[in-house]
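K.L.:
Pasting in a structure now, in structure tokens, and then I'll have a few things to ask.
The values are calculated or read from the model by the stated rules, or taken from the named source; none is laboratory data. Predicted model only: the values in this text are computed from it and were never measured. In this analysis, Cβ positions are derived from the backbone assuming ideal geometry, glycine residues included, and neighbour counts consider all displayed protein chains.
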Amino acid sequence: MVTATETKKVKFEILRQDTPESTPYWEKFEVNYRPNMNVISALMEIRQNPVNVDGKSTTPVTWDMNCLEEVCGACSMVINGRPRQSCSALIDQLTQPIQLAPMKTFPVVRDLQVDRTRMFDSLKKVKAWVPIDGSYDLGEGPRMPERKRQWAYELSKCMTCGVCLEACPNVNSGSNFMGPAPLSQVRLFNAHPTGSMNKDERLNTIMGDGGLANCGNAQNCVVACPKGIPLTTSIAALNRDTTVQMFKDFFGSDHMVD
Amino acid sequence: MSKEREFYWRRLHSLLGIIPVGLFLTQHLVVNHFATRGEEAFNNASHFMESLPFRYMLEIFVIFLPLMFHAFYGLYIAFTAKHNPQRFGTLRNYLFILQRFTGIFLVVFIVWHVFETRFQAAIGAKEVNFNMMAEILSNPWMLGFYIVGVISATFHLANGIWSFLVSWGITQSARSQQIATYVTLVIFLALSVVGVQALLAFV
């Protein structure tokens, strides 16, 4: 029996790019509708049968994905103008034709696949970890109050997906702003009882090139963040911390932390 | 300017926008308001300002240098942004864009305004008084230009106070930032009324 849902088509317009340097072009696709489809399952349909709307055979569309449950951050792309994860973008909730484009804040590898290396470099730069490695066992660190842990857990949900960088007007080819995500990680690791032992180092890093001061408070990041991380509160809190650090650095404290 | 020093330049830019530039703007608009009390009141007030001791020092260090730094570093900031209101049509995103547009416009407006008034007085071509402004503003295009200029300045200051509060880490929570939005909106409206009333008094 042929039902209406089986013949229903989902229309796609995909911004494609064959190599990192080549010119992008739009290509239209139609896939058969299935209930509960998301953008990724539709892309998988196109990959199975890479034929565009004109019936011409084409190369399969390339994209990144991993967890398929919005925790890894790999499948971010611009869907109908908004940067978000394609795994949690349900076809039923999107207006058609569904436009897919890569997050062009990052270098495009191919089609919808981008290179988010700059975010990982920023995390390394700000030392977004708790340094405990050494030549002997340091033992237990100081305890973290439970309520603080619960609050910090929200900040730890960041999956380096790049949506906040794509949303930020100040992260672009004309600036080297590291963007909201790594900044919020500075707040997370500075809040950790052991991590805070290096907080002056992290603050001094974000007071440097491409750091905190590049924020222009457009506050798109907090609207765009798929994990609901209070990025603008993190930035404002770091603004206060760096204000204190700036005066400490200048007027000269004889110890680094606290 | 070194990128490594960016943090300090940005903080200085934020601070100078309020002190002294913002304070000077407020004082300027308030003194202009004497125009609503008539020609003589305005001329007396303007003469008083002109005859302040250390006038040139005040003009250079309280107005000219801070304003120049704020303007030129501000232009650099304004042109680094890549606006995206079609993606994020939120109030803050529009205010972010407006802050940059009014900033660019104000550079043009203030250069013209200073050339037309203070510079003319400096080369001895004209005297800054009620008649000078009445003459300038008798042209309806100029009146429009000045009204847009004053409102741009009051907006840029009010929204700049909001950003200052965030940039220095005073307002952190979403709630405090929201209340700061309302407070700065009141500042914008109040200063705009003062500024525009003064302009209309010359017509």
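K.L.:
Looking at this structure, is A:Ala218 at pLDDT 95 or above and part of a helix (DSSP H, G or I)?
P.N.:
Working: at pLDDT 95 or above: yes; part of a helix (DSSP H, G or I): no.
Considered against the rule, which asks whether it is at pLDDT 95 or above and part of a helix (DSSP H, G or I), A:Ala218 comes out as no.
K.L.:
Return the residues of the range B:84-122 that are more than 18 Å from B:His28 (Cβ to Cβ) and hydroxyl-bearing (Ser, Thr, Tyr); say none if nothing qualifies.
P.N.:
Result: B:Thr90, B:Tyr94.
K.L.:
Considering only residues that are more than 9 Å from chain B (Cβ to nearest Cβ) and among the hydrophobic types (A, V, I, L, M, F, W, C), look in the range A:232-254 and name the one that is surrounded by the fewest Cβ atoms within 10 Å (Cβ to Cβ).
P.N.:
A:Phe251
K.L.:
For the range A:109-144, enumerate the residues that are more than 18 Å from the chain's Cα centre (by Cα) and in a helix (DSSP H, G or I).
P.N.:
Within the range A:109-144, none qualify.
K.L.:
If B:Ile147 satisfies every condition in (1) within 29 Å of B:Arg87 (Cα to Cα); (2) more than 14 Å from every other protein chain (Cβ to nearest Cβ); (3) among the β-branched types (Val, Ile, Thr); (4) in contact (Cβ under 8 Å) with a residue 24 or more places away in the chain but one, which is the exception?
P.N.:
Every listed condition holds for B:Ile147 apart from (1).
K.L.:
Out of B:Ala198, B:Ala153, B:Ala190, B:Ala125, I need the residue that is more than 14 Å from chain A (Cβ to nearest Cβ), aliphatic (A, V, I, L, M) and more than 21 Å from B:His28 (Cβ to Cβ). Which one? It would help to see each step written out before you state the result.
P.N.:
Values: B:Ala198 fails: more than 21 Å from B:His28 (Cβ to Cβ); B:Ala153 fails: more than 21 Å from B:His28 (Cβ to Cβ); B:Ala190 fails: more than 21 Å from B:His28 (Cβ to Cβ).
Exactly one residue qualifies, and that residue is B:Ala125.
K.L.:
Having 1 or more residues that are under 24 Å from A:Val222 (Cβ atoms) and under 15 Å from the mean Cα position of the chain (by Cα) is the bar; report the helices (runs of 4 or more DSSP H) wholly within the range B:87-190 that clear it. First the steps, then the outcome.
P.N.:
Details: elements: B:91-114, B:130-137, B:140-167.
Filter on the range B:87-190 gives B:91-114, B:140-167.
K.L.:
Which one is surrounded by the most Cβ atoms within 10 Å (Cβ to Cβ) among residues in the range A:59-109 that are within 23 Å of A:Asn49 (Cα to Cα) and of a type in the set (D, E, K, R)?
P.N.:
Of everything passing the filter in the range A:59-109, A:Asp64 is surrounded by the most Cβ atoms within 10 Å (Cβ to Cβ).
K.L.:
Identify all residues within the range B:53-86 that are outside any helix (DSSP H, G or I) and under 28 Å from A:Asn176 (Cβ atoms); write none if there are none. Before you say what the answer is, go through the steps one by one.
P.N.:
First, pick out the residues of the range B:53-86 that are outside any helix (DSSP H, G or I): B:53-54, B:81-86.
Hits for the range B:53-86 are B:Ala81, B:Lys82, B:His83, B:Asn84, B:Pro85, B:Gln86.
K.L.:
Name the single residue that is nearest to the other protein chains (Cβ to nearest Cβ) among those in the range A:166-215 being of a type in the set (Gly, Ala, Ser), in a helix (DSSP H, G or I) and in contact (Cβ under 8 Å) with a residue 40 or more places away in the chain.
P.N.:
Going through the qualifying residues, I end up with A:Ala167.
K.L.:
Over 23 Å from A:Asn80 (Cβ atoms) and without any contact (Cβ under 8 Å) to a residue 12 or more places away in the chain: does that describe A:Ser135?
P.N.:
Numbers: over 23 Å from A:Asn80 (Cβ atoms): yes; without any contact (Cβ under 8 Å) to a residue 12 or more places away in the chain: yes.
When the stated conditions are applied, A:Ser135 passes them.
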